[in-house]
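**Student:** Structure below; questions to follow.
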Amino acid sequence: MTASDKLVKLKIVDLAFDGKSVAHLDGKVVFLKGGLPGETVEAEIVQSRRRYDQALVHRIIEKSEYRKDARCSHFGQCGGCTWQDLDYEQQLLFKHKQVVDCLKRLGGFEDIKVEPLVGVAEPFYYRNKMEFSFHVDDDDSLRLGLHERGRFDRIFDLFECYLQSELSNQVVACLRSFSVDNGIPAYNVKTHEGYLRFLVIRQTARTDQLMVNLVTNQGDFPDVDKLVSELTAAVPQITTIVHNRTGKVSNVAVGETEEILSGPGYIEEELSGRRFVIRANSFFQTNSLQAEKLYNVAFEMLEPQPDERVLDLFCGAGTIGILLADKVAEVLGVELVQDAVEAASRNAALNEIDNISFFCGHVRDFLKETPPEQLGRPTVIVDPPRAGLHPKAVKRIIEMQPEKLLYISCNPATFARDAKLLCVAGYDLPMVRPVDMFPHTMHIELVGRFFRK
């Protein structure tokens, strides 16, 4: 069969949760790379399964009225943005539909009210953290940029990105030139040779501070004084530069040791009147301004009372508990990562909050090992990773019988799964409120409040 034999004409009817578009052909679902709902396309079937096909759009025959020209020249090649060519209001509508679909299909909920998404005022330049990869190309040349869409083994040279500020682009350009001009090799993930691994840029929205974090293989950075001088001259808005070293084979942007090359080694962000110290490896919501909206939605739904004790599970660097502390009697945060717990304690002290404490450990272990009489029946807040709650954690929360449970989720599918378990056990979920933290991507945050019946 030739490639032309695989070309079919399709009418796109929907968007899938992974950002692909959806059509139907001969009773089967077709997932397409490219295309928007309402468009008629010519596509190539690249993979055929019993229940569905995978296809690649070759040509748009009839365009959607909601198609926009993507602002970024890398769109389509880059794996960062999925929907930059879709009108932003339509992005919000499709994300709303995906939340409704997950609740119905995975949770069995038919009558939960799903509020309209809380959108952003500016759908570009919203990220306070970007992670760029150094890469050795096939011809041994150095690249610095992001992953090609669908390829974890390919990095393209990035010259513009509209998710972070223009300063970020300037830092990328300067580091690429410095590395090439000084012959500093990129790390090769196959041979484990080379030096440069990642460039991580963190930038605040409210305090005008910018951190450059260089993650490398073991060893001192060559010509480090020259690097700092050239980088700060090119981008004088940089307030600190840090160097993280790691000898681990796994290629992750976290160092085993850290050296401060310039400035204090951290930046400070402000959320809702509170200050938060952010270090190179600190967890912090990557959209500062929208994080304020997310937490405002959460607290409005929670309706905190001055006499409440709150158990903040998966508390990270303590952001939620610190913002909530002046509205309740006491907050206890639980977090697995020791560095995050230490950051949470520092942030609480920075904001002079004395009614909050933190415990380091697995949430499920904490709930299992802490005597029920010690916990009582606090209000519970959970903000788990994408995998959602561990079944044992759900079981223990149910046994605690909290009157209120606030669930902040970054994955509607696992939220729907966990919500089903909670509602079977006697909780009511009258409404959820999605928040768009990441425009032009398929990612969705949502908040749900559960009541004991």
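**Student:** Among the listed residues 53, 26, identify the single one that is more than 21 Å from residue 81 (Cα to Cα) and buried (at least 17 other Cβ atoms within 10 Å of the Cβ).
**Tutor:** It is 53.
**Student:** Something else: For segment 263-319, which fully contained strands (runs of 3 or more DSSP E) count at least 3 residues that are under 26 Å from residue 361 (Cα atoms) and in contact with an Asp or Glu (Cβ under 6 Å, 6 or more places away or on another chain)?
**Tutor:** Correct list: 274-278.
**Student:** Looking at the structure I just gave you, is residue 206 under 30 Å from residue 298 (Cα atoms) and part of a strand (DSSP E or B)?
**Tutor:** no
**Student:** Hydrophobic (A, V, I, L, M, F, W, C), over 26 Å from the mean Cα position of the chain (by Cα) and over 26 Å from residue 265 (Cα atoms): which single residue out of 325, 349, 298, 329 fits that description?
**Tutor:** Result of the check over 325, 349, 298, 329: 329.
**Student:** Tally time: how many residues in segment 351-365 are over 15 Å from residue 309 (Cβ atoms) and in contact with a strand residue (DSSP E or B) (Cβ under 6 Å, 6 or more places away or on another chain)?
**Tutor:** So the count comes out to 2.
**Student:** Within segment 7-20, count every residue that is at pLDDT 95 or above, assigned to a strand (DSSP E or B) and not charged (D, E, K, R).
**Tutor:** Total meeting the criteria: 2.
**Student:** Scan segment 240-262 for residues that are in contact with a Phe, Trp or Tyr (Cβ under 9 Å, 6 or more places away or on another chain), polar (S, T, N, Q) and either in a strand (DSSP E or B) or buried (at least 17 other Cβ atoms within 10 Å of the Cβ) (or both) and report the count.
**Tutor:** Count: 2.
**Student:** Please work out which one of (1) in contact (Cβ under 8 Å) with a residue 60 or more places away in the chain; (2) surrounded by fewer than 18 Cβ atoms within 10 Å (Cβ to Cβ) is the condition residue 82 fails and give its number.
**Tutor:** Of the numbered conditions (1) in contact (Cβ under 8 Å) with a residue 60 or more places away in the chain; (2) surrounded by fewer than 18 Cβ atoms within 10 Å (Cβ to Cβ), the odd one out for residue 82 is (2).
**Student:** So, in segment 378-419, how many residues would count as being of a type outside the set (D, E, K, R), within 30 Å of residue 123 (Cβ to Cβ) and touching a residue at least 60 places away in the same chain (Cβ under 8 Å)?
**Tutor:** 11
**Student:** Shifting gears a bit: Would you mind telling me which numbered condition in (1) of a type in the set (Asp, Glu); (2) surrounded by 16 or more Cβ atoms within 10 Å (Cβ to Cβ); (3) assigned by TED's automatic domain parsing to the domain that holds residue 215 residue 160 fails?
**Tutor:** The single condition residue 160 does not satisfy is (2).
**Student:** Outside any helix (DSSP H, G or I), of a type outside the set (Asp, Glu) and on the phi < 0 side of the Ramachandran plot - does that describe any residue in segment 340-350?
**Tutor:** No, there is no match, as no residue in segment 340-350 is outside any helix (DSSP H, G or I), of a type outside the set (Asp, Glu) and on the phi < 0 side of the Ramachandran plot.
**Student:** Separate question: Check 251, 217 and return the single one that is modelled with pLDDT under 95, assigned by TED's automatic domain parsing to the domain that holds residue 147 and at negative phi.
**Tutor:** It is 251.
**Student:** How do the pairs read when you match residues in segment 420-437 that are among the small types (Gly, Ala, Ser) with residues anywhere that are surrounded by 12 or more Cβ atoms within 10 Å (Cβ to Cβ) and assigned to a helix (DSSP H, G or I), using Cβ under 6 Å and keeping only pairs 6 or more apart or on different chains?
**Tutor:** Once the first residue is among the small types (Gly, Ala, Ser) and sits in segment 420-437, its partners that are surrounded by 12 or more Cβ atoms within 10 Å (Cβ to Cβ) and assigned to a helix (DSSP H, G or I) give 425/398.
**Student:** Only residues that are out of contact with any Ser or Thr (no Cβ under 9 Å at 6 or more places or on another chain), within 27 Å of residue 414 (Cα to Cα) and not aliphatic (A, V, I, L, M): list them for segment 351-371, please.
**Tutor:** Answer for segment 351-371, where residues must be out of contact with any Ser or Thr (no Cβ under 9 Å at 6 or more places or on another chain), within 27 Å of residue 414 (Cα to Cα) and not aliphatic (A, V, I, L, M): 360, 361, 362, 364, 365, 366, 368, 369, 370.
Okay, residues lined up against (1) on the phi > 0 side of the Ramachandran plot; (2) assigned to a loop (DSSP other than H, G, I, E, B); (3) of a type outside the set (Asp, Glu):
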{"residue": "359", "(1), (2), (3)": "no, no, yes"}
{"residue": "395", "(1), (2), (3)": "no, no, yes"}
{"residue": "405", "(1), (2), (3)": "no, no, yes"}
{"residue": "418", "(1), (2), (3)": "no, no, no"}
{"residue": "442", "(1), (2), (3)": "no, yes, yes"}
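**Student:** Hey, could you check segment 438-453 for residues that are surrounded by fewer than 21 Cβ atoms within 10 Å (Cβ to Cβ) and free of Cβ contacts under 8 Å to residues at least 60 places away in the same chain and say which is nearest to the chain's Cα centre (by Cα)?
**Tutor:** 443
**Student:** Is there a residue being over 27 Å from residue 281 (Cα atoms), of a type in the set (Val, Ile, Thr) and assigned by TED's automatic domain parsing to the domain that holds residue 295 anywhere in segment 367-374?
**Tutor:** Yes, segment 367-374 contains a residue that is over 27 Å from residue 281 (Cα atoms), of a type in the set (Val, Ile, Thr) and assigned by TED's automatic domain parsing to the domain that holds residue 295.
**Student:** Take the residues of segment 113-132 that are more than 17 Å from the chain's Cα centre (by Cα) and assigned to a strand (DSSP E or B): which is surrounded by the fewest Cβ atoms within 10 Å (Cβ to Cβ)?
**Tutor:** Taking the candidates together, the pick is 113.
**Student:** Inspect all residues belonging to segment 109-129 and state whether any of them is among the polar types (S, T, N, Q) and over 30 Å from residue 416 (Cβ atoms).
**Tutor:** No, segment 109-129 has no match at all.
**Student:** Looking at (1) under 30 Å from residue 20 (Cα atoms); (2) modelled with pLDDT of 95 or more, which is the one condition that is false for residue 423?
**Tutor:** Only one criterion in (1) under 30 Å from residue 20 (Cα atoms); (2) modelled with pLDDT of 95 or more is unmet by residue 423, namely (1).
**Student:** Given (1) surrounded by 18 or more Cβ atoms within 10 Å (Cβ to Cβ); (2) in a helix (DSSP H, G or I); (3) free of Cβ contacts under 8 Å to residues at least 12 places away in the same chain, where does residue 171 come up short, assuming only one miss?
**Tutor:** (3)
The values are calculated or read from the model by the stated rules, or taken from the named source; none is laboratory data. From a predicted model like this one, the values you see are computed outputs, not experimental measurements. So basically every Cβ, Gly included, is an ideal-geometry build from the backbone, and we count neighbours across all protein chains shown.
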